[in-house]
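Enquirer: Here it is, the structure in full.
The values are calculated or read from the model by the stated rules, or taken from the named source; none is laboratory data. Quick caveat: nothing in here was measured; it's all calculated off a predicted structure. Cβ coordinates were reconstructed from backbone atoms using ideal geometry, including for glycine residues, and neighbour counts include every protein chain displayed.
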Amino acid sequence: MIAKTSNLSVACTLSIALFLLLQTGVGIARAAVQDETPGQTQREATVSRQEAIEAIKRRAKQIIAQRKNKRLRLAGEVTAGIGVQKNPGDLPSHKGDSFVESSLFLNLTKPLTPTLTWQGSYYGSVDNYIELTDYSYTYQTLTPVKLLWKPARKWRWDGGVDLGYLVYASDNAPDYKEFKPFVGVRQDLWGNWFHAFHYEYSLRHYLSKRARNGLGVNTRTHREDMRHKGRYEIGTVWKNTLFKGRGEYYLNDSNDARNDFYDAEDWKLIGSITRRITDKFSVYASYTFERKNYRHRKVVGVRAEARYDDEQTYALSGTYDFNKNWSLTPSFSYTRLNSNEPTGEYFDWTAKAMVARKF
Amino acid sequence: MSKMLQSAPLILFLCVLLGPAGKAVYAYEENSPAEAETAEVQDQIVKISDEVSKLHLEMAKLRSQTKAEKDPGKKGELNVQFEDTRKQRNSLQKLLDELVEEGHTTENTNVDKVLNQAKKFERTQDRESMQREAVSDRKDK
């Protein structure tokens, strides 16, 4: 545990140092650019038409040159907040707890050509439960490469790799690292309609958990889960409201052979509405239905059949922007899992409020 | 204690980010937010479009004046003026095309804003879903 915490601390501290270094460097570069671009255009526009045209041309050339300068941009968000969860363990006992959550998102962008942009990002979150400390965890995703390609006005392609890392504070059995290459394409249709397809492959390597053989005995091999994920979504923006429908398919295959516990197919349907009510206030509401069909895992009983789970989630969230940097996001979600294995059924809800600082 | 240690980097980061040191580091951002920059590009596009239209009208006017002019000397002057105006219009039109092209590579529309907002909500949901999966995994012993 100490080693784990120490590694985490070193990684976070290095990220902070790198971040501050880049911020300072980018700041100096931007200040230099700003010095060269005073608001001459406005002043000269009142002199004469010819001069105004020349001023406009100069400024336009400066803007184009700046854009072509291919500078590195940094953006991100830090959030912190508190929440209450009814059933962190997803158990029939429904023992609840409150938690403290904080997260950090960093995103670096650098245009490589007029149509190709590189992005690198980091997302890390820490959830600490007050009493049920077993459920406290840290999740980090590093995206060293994400390429965004816009070959034409209506097409956007993206592809890259996510590296995920999940660590539980007091139990290292479920800890894993994850390798996730992905590719996606979005096409703008008529009006504000768009649709998109996304494919992701993931290989999850458990750090200490062993794969079991058919008898349930641990083998010498670490457990590894492989997953194919496909997603199709279609949506439109109408009067500052985004309506989106999404379908997802997951195919999970694990090297754990104990009843093939983790081999399953998932279908997920999500409908969501995101509305900007005012310039400062947005709301998000969604409904998710997920069917998980286990391929071989049996329910308990004499006439045992393969298990399936139906999970429904309702989510409601709002964001109030105090200004362009600070915002408050309260949210509520309710999840219910029904199954043909009654011992696996549960419900859960989470309410939380997060304060975010964008930069 | 271990929990506190685990949160320490983020807490430290929050202090730096939100405190006076953070404000100093981000001060430059106040002066050059990306949105204001993009708004200026839009402003330039409008200005140049106006000028291109005006120059186009001037060209039409000069063309008709040249046709009506009988004096070869004045006709020659008008032709030179027409050529200058045409060159001016073409150079502005080229800049306009470049700016418009740059504008398309920038996310600035209301559509993009609401899409970005939705992405943030979805990121939270995806993480919660991942957590639920891990919890389910722990139960399967």
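Enquirer: Considering only region A:276-304, state which residues are in a strand (DSSP E or B), surrounded by fewer than 15 Cβ atoms within 10 Å (Cβ to Cβ) and hydroxyl-bearing (S, T, Y).
Expert: Once the filter is applied, which keeps residues that are in a strand (DSSP E or B), surrounded by fewer than 15 Cβ atoms within 10 Å (Cβ to Cβ) and hydroxyl-bearing (S, T, Y), region A:276-304 yields only A:Y287.
Enquirer: How many of the residues in region A:268-314 are over 28 Å from A:R258 (Cβ atoms) and of a type in the set (D, E, K, R)?
Expert: Residues of region A:268-314 that are over 28 Å from A:R258 (Cβ atoms), as a first pass: A:269-289, A:312-314.
From what is left, the residues that are of a type in the set (D, E, K, R) are A:275-276, A:279-280.
Result for region A:268-314: 4.
Enquirer: Continuing with the same structure: In region A:76-118, how many residues are polar (S, T, N, Q), under 21 Å from the mean Cα position of the chain (by Cα) and closer than 28 Å to B:R132 by Cβ?
Expert: 5
Enquirer: Any residue in region A:190-204 that is under 19 Å from B:R123 (Cβ atoms), without any contact (Cβ under 8 Å) to a residue 24 or more places away in the chain and in contact with a strand residue (DSSP E or B) (Cβ under 9 Å, 6 or more places away or on another chain)?
Expert: no
Enquirer: If you check A:L116, A:L106, A:L91, which single one turns out to be of a type in the set (A, V, I, L, M, F, W, C) and crowded, with 19+ Cβ neighbours inside 10 Å? Steps first, answer last, please.
Expert: On the way: A:L116 fails: crowded, with 19+ Cβ neighbours inside 10 Å; A:L91 fails: crowded, with 19+ Cβ neighbours inside 10 Å.
Of the residues listed, the single one that is of a type in the set (A, V, I, L, M, F, W, C) and crowded, with 19+ Cβ neighbours inside 10 Å is A:L106.
Enquirer: Got at least one residue in region A:208-216 being assigned to a strand (DSSP E or B), within 19 Å of the chain's Cα centre (by Cα) and of a type outside the set (A, V, I, L, M)?
Expert: Checking region A:208-216: not a single residue is assigned to a strand (DSSP E or B), within 19 Å of the chain's Cα centre (by Cα) and of a type outside the set (A, V, I, L, M).
Enquirer: In region A:94-139, what residues are farther than 18 Å from A:D162 by Cα, within 12 Å of chain B (Cβ to nearest Cβ) and either of a type in the set (G, A, S) or part of a strand (DSSP E or B) (or both)?
Expert: Of everything in region A:94-139, those that are farther than 18 Å from A:D162 by Cα, within 12 Å of chain B (Cβ to nearest Cβ) and either of a type in the set (G, A, S) or part of a strand (DSSP E or B) (or both) turn out to be A:F99, A:V100, A:E101, A:S102, A:P111, A:L116, A:V126, A:D127, A:N128, A:Y129, A:S136, A:Y137.
Enquirer: Return the total of residues in region A:153-190 being of a type in the set (G, A, S) and facing chain B (nearest Cβ under 10 Å).
Expert: 4
Enquirer: Does region A:263-308 hold any residues that are within 9 Å of chain B (Cβ to nearest Cβ) and among the acidic types (D, E), and which are they?
Expert: A:E290
Enquirer: Still on this structure: Just the residues that are crowded, with 17+ Cβ neighbours inside 10 Å and farther than 17 Å from A:K95 by Cβ, please, taken from region A:327-338.
Expert: Of everything in region A:327-338, those that are crowded, with 17+ Cβ neighbours inside 10 Å and farther than 17 Å from A:K95 by Cβ turn out to be A:S327, A:T329, A:S331, A:S333.
Enquirer: Still on this structure: Of the residues in region A:146-170, how many are closer than 30 Å to A:Y135 by Cβ and at pLDDT 90 or above?
Expert: Result for region A:146-170: 7.
Enquirer: From the list A:T274, A:T221, which one is closer than 25 Å to B:K120 by Cβ, polar (S, T, N, Q) and in contact (Cβ under 8 Å) with a residue 12 or more places away in the chain?
Expert: Every option except A:T274 fails the conditions.
Enquirer: Kindly check whether there is at least one residue in region B:110-128 that is surrounded by 14 or more Cβ atoms within 10 Å (Cβ to Cβ), at pLDDT 80 or above and more than 31 Å from the chain's Cα centre (by Cα).
Expert: Checking region B:110-128: at least one residue is surrounded by 14 or more Cβ atoms within 10 Å (Cβ to Cβ), at pLDDT 80 or above and more than 31 Å from the chain's Cα centre (by Cα).
Enquirer: Any idea which of (1) crowded, with 18+ Cβ neighbours inside 10 Å; (2) among the β-branched types (V, I, T); (3) free of Cβ contacts under 8 Å to residues at least 40 places away in the same chain is the one A:T138 doesn't satisfy?
Expert: If we test A:T138 against (1) crowded, with 18+ Cβ neighbours inside 10 Å; (2) among the β-branched types (V, I, T); (3) free of Cβ contacts under 8 Å to residues at least 40 places away in the same chain, just (3) comes out false.
Enquirer: Does region A:293-314 contain at least one residue that is under 22 Å from the mean Cα position of the chain (by Cα) and closer than 15 Å to B:A118 by Cα?
Expert: no
Enquirer: Do you know which of the residues in region A:242-262 that are at the interface with chain B (Cβ under 10 Å from one of its Cβ atoms) and outside any strand (DSSP E or B) is nearest to A:G214 (Cα to Cα)?
Expert: A:R258
Enquirer: Considering region A:76-129 alone, what residues qualify as being on the phi > 0 side of the Ramachandran plot and of a type in the set (D, E)?
Expert: A:D90
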